[in-house]
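The structure appears right after this line, and notes come after that.
None of the figures in this text is laboratory data; all of them are computed from the coordinates on show. Note that the structure is a prediction, hence the values are computed from the model and not measured. Here the Cβ positions follow ideal geometry from the backbone for every residue, glycine too, while neighbour counts run over all protein chains shown.
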Amino acid sequence: MGEPSSFPWLAVALRVVSNPCSNALQKALGAAGWPAPVLLALTHGLLGPVAMVILLGAGDALGWEFWRWSLASAVLAVAANWLILEAVRRSDLSLLGPVNAYKPWVSLLPSWFLLGELPRGADWAGMGLVLLGSVVLGGGASGASAASGAPRRSWGFLADRGVQLRLLALVVSSAEAVTLRRAVAASDASSAFAAWVLLGFLVVAPFAWRARGACPPRDADGAWRLLPAGLALAFTTGLMQSSTLAVLDRLSTGVALSFFQLSSVLSVFLGRAFFREARFARRLAGACVMSAGAVVMVLAR
């Protein structure tokens with residue numbers, strides 16, 4: 001890990017790009033009327049053959065501890081991704097992306113309140129930057145509230161339902177990260193990815209079956225039109241998860257999280273380019289400040 005040649009630059013770059021691209025596809029398909037559990041089942045199902053090949057190659061090397069942590073990770077992952085899907089359905093990408101900067105808070109606050117581990121100087125600086133960026137980001141409601149003429153307040157974005165769901169998803173995904181690292185420690189990154197795919201499908205399949213009646217009307221032409229978007233969603237989501245595991249397998253969690261903050265800035269650009277989201281300059285500035293604060297926090301540990 002100390003040699004420059006061993007640094008996983010490619011995996012970091014793939015993670016930074018694939019995450020907001022996956023969110024953009026989720027938003028587009030959600031806006032077309034596809035229920036969240038159906039999209040999750042579609043994503044995991046399309047990745048299923050790849051996962052099966054990986055697990056067949058692993059053979060009997062995977063023990064009970066691996067499967068136990070993988071199942072816990074799959075349940076938490078489905079819950080977190082479901083919340084994210086509902087969030088992107090309701091709010092702008094340029095608001096939801098910068099919310100990732102609160103992830104270091106999720107790990108810092110429990111230690112502070114439950115264990116009495118007070119933040120250090122750099123922690124306070126990072127927290128201050130995240131709050132400052134939130135003030136810059138605020139005052140820009142999501143599309144629905146902006147269209148209704150609602151007044152713009154510095155912290156008004158926290159009242160946005162999609163932002164609240166995204167914050168809750170951060171809490172769940174932080175718990176998922178713990179179980180995912182345990183699964184990787186009990187095997188390897190490839191096996192953990194394959195188990196995430198297959199167990200995630202088994203977890204979400206009953207919910208997808210119940211939600212099938214809420215899908216848009218389908219015919220042969222409609223199915224063929226959905227296929228490219230579904231394949232793109234499965235590809236970007238699979239790329240995001242596999243690159244995340246590769247990075248976490250090579251870097252500390254803090255350093256990895258600091259690089260992942262670049263996704264927040266890219267989300268603002270995608271929101272503007274594909275969904276014509278308003279107040280681009282303000283949201284870009286807020287995302288940059290919040291991301292800088294998150295980087296300060298994670299590198300200080």
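Structure values in brief
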read-out: Computed label-point distance, nm, for sites Trp67 and Val171 using a 7 Å Cα→Cβ extension; value: 3.2 nm
read-out: For the range 1-102: Kirkwood Rh in Å [reciprocal of mean 1/r, alpha carbons]; value: 16.2 Å
read-out: Listed residues Ile84, Pro8, Ala28: farthest to the positive end of the dipole of the range 1-89 (Cβ charges); value: Ala28
read-out: Rg ratio (alpha-carbon, reference 2.2 N^0.38 Å) - the range 4-299; value: 1.00
read-out: Estimated vicinal HN-Hα couplings, Hz - the range 165-178 in sequence order (Karplus 6.51, -1.76, 1.60; Gly, Pro = x); value: 5, 5, 5, 5, 4, 4, 4, 5, 5, 5, 5, 4, 4, 5
read-out: Per-residue HN-Hα couplings for the range 195-204 [Karplus 6.51, -1.76, 1.60; θ = phi - 60°; Hz; x = Gly/Pro]; value: 5, 4, 5, 6, 5, x, 5, 5, 5, 8
